[in-house]
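The next block holds one structure in the form of structure tokens; read it before the comments.
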Amino acid sequence: MVRSFLSLHVEAPLERVLAWAQDKTLGAGVYLVPDPPWVSLYHEALEAQEDPEAIRAFLEELSQLGKALAFLVLAEEELLFLLAEGGKVQAELAQGTELGERLMAPSELKPLLEKASRMPPVNAVQALAAHFGLHPDHAALGFLDLLEAEEEGDLPEEVIYLE
């Protein structure tokens, strides 16, 4: 099965992320998964929209809490990676027909993003996540993956679901 997914991550305490995310569900579900110092967010509405500009705007706002990352993979063939801090995108890697081709990064991250651009999208997600100290499996999940885990009773207890 070919899959698409979106995962968002912020380096901030769970309590702050939970308070911030309460009114950011856009009428859909959001899973929060703590993995200190990170909290991962899996947002149903943003994942379904697959809109890079909406993801960018959400991430910029989220990054007011701390360093924030976004990973969007479409049909396992296209990749969008964003790093934001202080309300501004600091680095971006986009590849694919729909997402276009962009690479923007500060000099210390440019070699990492160039290397990731030569990998298959899911491998690039896992490599980038590992670089930032984020669990690679958390980066390569999306809302639908967690929904399926919940239906099968495999969702960890510490996961918070917002509607």
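Things worth noting here:
Table: residues versus (1) under 27 Å from I160 (Cβ atoms); (2) aliphatic (A, V, I, L, M).
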position	(1), (2)
A48	yes, yes
A70	yes, yes
Q90	no, no
P106	no, no
M119	no, yes
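- From K110, K67, residue being more than 16 Å from L8 (Cβ to Cβ) and among the basic types (K, R): K110
- Condition met for D137 (at pLDDT below 95, acidic (D, E), assigned to a loop (DSSP other than H, G, I, E, B) and open to solvent by 60 Å² or more (accessible area, probe 1.4 Å)): no
- Qualifying strands (runs of 3 or more DSSP E) (wholly inside region 1-63; at least 2 residues being open to solvent by less than 20 Å² (accessible area, probe 1.4 Å), within 27 Å of P120 (Cα to Cα) and not hydrophobic (A, V, I, L, M, F, W, C)): 5-11, 38-43
- Any hit, region 25-47, residues being in contact with a Phe, Trp or Tyr (Cβ under 9 Å, 6 or more places away or on another chain), acidic (D, E), touching a residue at least 60 places away in the same chain (Cβ under 8 Å) and within 30 Å of E157 (Cβ to Cβ): yes
- Of the residues making up region 89-132, those that are under 14 Å from P52 (Cβ atoms), assigned to a strand (DSSP E or B) and either modelled with pLDDT under 95 or open to solvent by less than 20 Å² (accessible area, probe 1.4 Å) (or both) are V89, E92, L93, A94.
The values are calculated or read from the model by the stated rules, or taken from the named source; none is laboratory data. If you're wondering where the values come from, they're calculated on a predicted model, not measured in any experiment. Here the Cβ is made from the backbone with ideal geometry for all residues, glycine too, and neighbour counts use every protein chain on show. To get the accessible areas, we keep the full protein, side chains included, count just its heavy atoms, and leave off ligands, DNA and RNA. Shrake-Rupley method; radii C 1.70, N 1.55, O 1.52, S 1.80 Å.
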